[in-house]
Structures are given as C-alpha cells and as structure tokens.
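All remarks here apply to the structure that follows.
None of the figures in this text is laboratory data; all of them are computed from the coordinates on show. Remember, it's a predicted structure, so these values are computed and weren't measured experimentally.
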Amino acid sequence: MDLVRFTLDHHTFTTYEIGDQHLPTLVCLHGMTGDSNSFIELAGYLRNDFHLILLDLPGHGETEPLESDEDYLFSSLAKRIMGVITKFTTEPVYVLGHSWGADLSLHIAKQYPHQIKGLILIDGGYVFPEMVEGYTEETALSDWAEYIDFSRYQSWADVVKIYQEYTTRPWDPQLEGIISSNFVVMDGHYQLRADRDSLLATIKAFYHEPCSTTYQEIECPVLFFHATIPVSDPARQKAIEKMQNSIMKVKVVGIENTKHNVHWDFPERVAREIREWMNK
C-alpha cells in the first residue's frame, strides 16, 4: 500500500494506493468518524480485481479539515474529490462509498456522469435524513455534538467495548486494527480523531443536499448493500423502495445478520458480490 498526498486549491488530501494500475480503478470513500483504514480488509479481497484508491476525507485520518461549512456541501466536496481522482487517472472509475461516503459517491456520479463507470454503496445514500421522520437538522446537530463530546474513553478496552456493538462478527485483531486510527490519545484519554467542525458541517450538508436529489440523474449501474439489523425498520424499507423506483440500474443486496458496517461483518461476501456484479 502506497501513501500518496495531493495538494489541490491549497488543501492536501491523503490517499492510499493498492494494486495494479492496469486494473479498473475503484475509489473508496469512508463514513463519518472513520478513515481509509475502514476498507483495509475489504481491499485485501479486491486487490486482484481493482486498482484501489482509498481516500481520507477532509477532517478525517491524515487529511486536514476544510475551512468552511460550505466546503462540506456534497456538491463542493464532490468537485474536490474528482480533482484527486484525476491525479491518478483520466479514465472513468468505479466509486465505492460507505455511509457518508455513499452519499458523496452519488453526488460525484450526478456531477460527473461520464467519469463514473459504476457505484457501490454500502448502507448509505438512502435513509438519512429524509426518511427519519421528525428528525430536524437542529436535533441532528445537537445529537452529533453530544456524541462527539462524549466519545472520550479512559482506556482502549472501553473503545473496543463500544465498537464491538457496531459489528455482528466476533471481535478479532483485524477489526481492532481497523478502528485503531480513529482515535488519538489526549490528556490520558482516547478520543475521536475526526475533526469536530468537519463532522457538524457534514450533518448540515445532509440536510441541504439530501441523497434523493441525485437519484434521477444517476446514469451508471449501482450496487447497493444495506444492513439487515434491526430486522424491522420501516424507514429503511421505505428508502430502499424510493431508491429502486428512482435509479435506473440498481441492484439491491441485503446480507443477513449485518449492521451498518456491512463490509466489516462479511468482507469476503461483499467482495464476491462486487465481482459478480462487475462480471455481469
């Protein structure tokens, strides 16, 4: 895995490059509070199929925050990300996004239809915020501010205890490695590494440019993975139906016994589904 940094418009992005450059390029965009490490296990299953670009998004991992809330609007960030992508290749690419990264992927495909060959969305770009009835921007910002401020733990064991709840598979060293870069030690405590202002600006962006505004303009094939826990989730089912009715070429895959981090729960199965979708 090669670390590559690019400076665009006075802002430096950190990326990680894996695999043969002659293979189709797959750009991977992580979710909020995470970083490129989120995909490291999945990348191991896909490295013989793709030229992989893992991107630390602004205010996350090794990429510095952007200056203003407006910079985090999906339309603005999509432009910056495409600038990074074209540093690697001028050929059309595939984009994979988890959670926030899925929403970003949709906006990139909307703005640059001729430069995107296909989208792979992992449990994002469909429910939040439109399908969560009564959940206002103000409430979401308050909840996230509280979550950020209380994500401060006395020991690494406390961190692990929390993150064990985010996956259905037994905890193992691989998962521990995935989350290790999400935290920094400050004043003897483990706290989220992601930039607070970046996270709150992103929440605002979800409300100002919701994912469904992209659906009618997505021209490329889409492979969409969704969590299946909790089993009965009306908001999720409603959102899936809206996506199916609005995006021309979408394949929906719900893998049994998965939570929000579907690619953590069953990385080999996710990779197999991606390969089968590609071959078709």
- Query: Under a 5 Å amide H to amide H cut-off, with H placed in plane at 1.01 Å, what residues pair with Gly124 once short-range neighbours are removed?
  - Reply: Ser99
- With Rh as the Kirkwood radius over Cα pairs, segment 104-245 has Rg/Rh of 1.00
- Please figure out what share of the DSSP beta bridges in the chain is antiparallel and state it in percent, rounded to the nearest 5. 45
- Mind telling me which of Val160, Val250, Val95 comes out most flexible in a GNM of the chain, alpha-carbon contacts under 10 Å? Val160
- Task: Can you check how the C-alpha radius of gyration of the chain compares to 2.2 N^0.38 Å, as a plain ratio?
- Result: 0.94
- Ranked by GNM mean-square fluctuation in the chain (Cα springs under 10 Å), the top entry among Ser105, Ser181, Ser76 is Ser76
- Along segment 9-25, what does the Karplus equation 6.51 cos²θ - 1.76 cosθ + 1.60 (θ = phi - 60°) give for ³J(HN,Hα), rounded to whole Hz, x for Gly and Pro? 6, 6, 10, 9, 9, 9, 10, 10, 10, 9, x, 6, 5, 7, 7, x, 7
